[in-house]
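Bear in mind that the values in this text are calculations on the coordinates, not laboratory data. What you see is a predicted model; the values in this text were computed from it and never measured. Backbone-built Cβ (ideal geometry, glycine too); neighbour counts: all protein chains shown.
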């Protein structure tokens, strides 16, 4: 069960004003969270047009549901949960399993020693295969369920702590850790296969 919020919500005043009919206040909330929510949705769908549509759906649903928002969680947590649920439903309906396309500076996984050791960057031959590595990681993400992939996106890409993801998804932190462990093991195994292919690994 998600724990009730004990800290002050920085959006409390804007939410209160928006609830009373101040559309400018809701516009400010949209401006504040559009970029982060779009990033989350895009990393789950890898489809720009779908991501824009899903972002609009997220804000539309949030606006329609705002009067039912009781403030038991932060507005940030509440609207992220809406975005994740809408995106997961979209993926299930459309069967679009496309994963994100990573670049060196945006992927926490590709910069994590647990996935790629320092020798990768020190070896020019291995460095020449970085684009193929991105492709392999994308392929591995496709093999994850939407639920496991969403946890990877929030933790590894968005940098959210376990507690925040727990509140967004409405499951225990233990469940979040379990999903991350499973997903990371799957991704590591896929990258390990790549690492030991001829021309990509180091000889003993």
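Quick notes on this structure:
- Calculated FRET efficiency, residue 163 to residue 22, Cβ-Cβ distance, R0 = 22 Å: about 0.10 to the nearest 0.05.
- Simple spin-label estimate for residue 92 and residue 185 gives 2.5 nm between the two label positions (7 Å along the Cα-to-Cβ direction from each Cα).
- Using only alpha-carbon positions in segment 12-94, the gyration tensor eigenvalues give semi-axes of 23, 13, 10 Å once each is multiplied by 5 and square-rooted (largest first).
- Residues 175, 45, sorted so that the one with the fewest Cβ neighbours within 10 Å comes first: 175, 45
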